[in-house]
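First comes the structure, then the notes that go with it.
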There are 2 protein chains.
Amino acid sequence: MTNFKKIELGKINEIKNKEQGKIFIHDELNLTSCEVSINCSKKGFKVPFLHKHKNNEEIYIFLKGKGIMEIDNEKIEVKEGSIVKIAPPAIRTMENASDEDLEYIVIQAKENSLEGYTMTDAEIV
Amino acid sequence: MTNFKKIELGKINEIKNKEQGKIFIHDELNLTSCEVSINCSKKGFKVPFLHKHKNNEEIYIFLKGKGIMEIDNEKIEVKEGSIVKIAPPAIRTMENASDEDLEYIVIQAKENSLEGYTMTDAEIV
């Protein structure tokens with residue numbers, strides 16, 4: 001067993017042709033700290049439900065296109081470079097809000113699980 | 001206090017003009033589950049040290065360009081769609097390996113901290 005594992009998803013823009021325009025990577029990489037999805041949705045795509053989480057914080061990172069997130073009944077606009085953190089109990093959904101594809105990454109990890117980070121967890125060798 | 005927070009980083013390609021071509025978002029968004037950096041490095045960029053982690057798993061998501069990661073003395077090639085999970089003790093570094101900018105995202109979160117995920121943590125409302 002090596003200490004790392006790599007997968008190849010190919011072009012991110014082609015993920016729009018997958019079911020729900022989404023690839024989850026937890027199971028592919030045997031992640032133990034978070035779940036991550038890589039997403040590309042077409043014009044007109046809307047997440048068909050509202051959801052919240054029990055324990056996991058979510059972080060949405062937008063790479064391309066324009067979207068509208070609805071969080072606790074508040075609508076917010078997102079575009080390339082928008083990053084949104086959402087606490088577990090918030091009720092959320094989102095949609096592609098332009099004629100372009102909407103590319104984004106979603107991370108979910110357990111709220112309050114992080115201890116050290118960057119220079120308090122890393123060691124220069 | 002709302003249950004969410006948004007920041008705007010602007011064009012990801014322009015992050016190459018920041019110090020080390022990197023923006024960390026933990027402190028900006030008051031994250032509690034992970035640290036995330038959004039990165040764009042120029043041709044010729046090489047992380048100037050080797051490092052490992054105490055407790056955090058790292059996940060590298062490559063968006064554009066070509067790079068070479070060195071992990072425990074093994075060199076691996078990465079490009080758009082490559083995703084690499086690295087266990088805490090692995091000794092790692094990386095470099096931009098082409099004439100293009102190298103765009104990527106790095107997540108670090110505590111190894112073995114994740115309990116439920118997706119449908120075992122989410123609740124449809």
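The values are calculated or read from the model by the stated rules, or taken from the named source; none is laboratory data. Because the structure is a prediction, the values reported are computed rather than measured. Glycine gets a Cβ as well: all are built from the backbone with ideal geometry, and neighbour counts include every protein chain shown.
Would you check if B:Phe62 is in contact with a strand residue (DSSP E or B) (Cβ under 7 Å, 6 or more places away or on another chain) and more than 7 Å from chain A (Cβ to nearest Cβ)? Answer is yes for this residue. Residues that are out of contact with any Pro (no Cβ under 6 Å at 6 or more places or on another chain) number at least 2 in the following strands (runs of 3 or more DSSP E) confined to segment A:2-84: A:4-8, A:22-24, A:35-41, A:56-64, A:66-71, A:74-79. Just a yes or no: is a residue in segment B:64-71 more than 24 Å from A:Glu115 (Cβ to Cβ) and aliphatic (A, V, I, L, M)? There is at least one residue in segment B:64-71 that is more than 24 Å from A:Glu115 (Cβ to Cβ) and aliphatic (A, V, I, L, M). The set of residues in segment B:98-125 being in contact with a strand residue (DSSP E or B) (Cβ under 8 Å, 6 or more places away or on another chain), assigned to a loop (DSSP other than H, G, I, E, B) and more than 7 Å from chain A (Cβ to nearest Cβ) consists of B:Ser98, B:Glu100, B:Asp101. Would you confirm whether any residue within segment B:43-50 is under 14 Å from the mean Cα position of the chain (by Cα), more than 18 Å from A:Tyr60 (Cα to Cα) and modelled with pLDDT under 95? Within segment B:43-50, one or more residues are under 14 Å from the mean Cα position of the chain (by Cα), more than 18 Å from A:Tyr60 (Cα to Cα) and modelled with pLDDT under 95.
How many residues does segment B:74-125 hold that are β-branched (Val, Ile, Thr) and either over 22 Å from A:Ile23 (Cα atoms) or touching a residue at least 60 places away in the same chain (Cβ under 8 Å) (or both)? Walk me through how you get there before you give the answer.
Here is the first cut: in segment B:74-125, the ones β-branched (Val, Ile, Thr) are B:76, B:78, B:83-84, B:86, B:91, B:93, B:105-107, B:118, B:120, B:124-125.
In the following step, the residues that additionally are either over 22 Å from A:Ile23 (Cα atoms) or touching a residue at least 60 places away in the same chain (Cβ under 8 Å) (or both) were identified as B:76, B:91, B:93, B:105-107, B:125.
Residues meeting the conditions: 7.
Selection of segment B:15-65 for residues being of a type in the set (A, V, I, L, M, F, W, C), over 20 Å from A:Lys85 (Cβ atoms) and touching a residue at least 60 places away in the same chain (Cβ under 8 Å) yields only B:Cys40.
For the residues A:Lys85, A:Lys18, the requirement of being more than 9 Å from chain B (Cβ to nearest Cβ) and either of a type outside the set (A, V, I, L, M) or over 13 Å from the mean Cα position of the chain (by Cα) (or both) singles out A:Lys18.
Taking B:Ile86 as the residue in question, decide whether it is closer than 28 Å to A:Asn112 by Cα and buried (at least 18 other Cβ atoms within 10 Å of the Cβ). Yes; evaluated as a whole, the condition is true for this residue.
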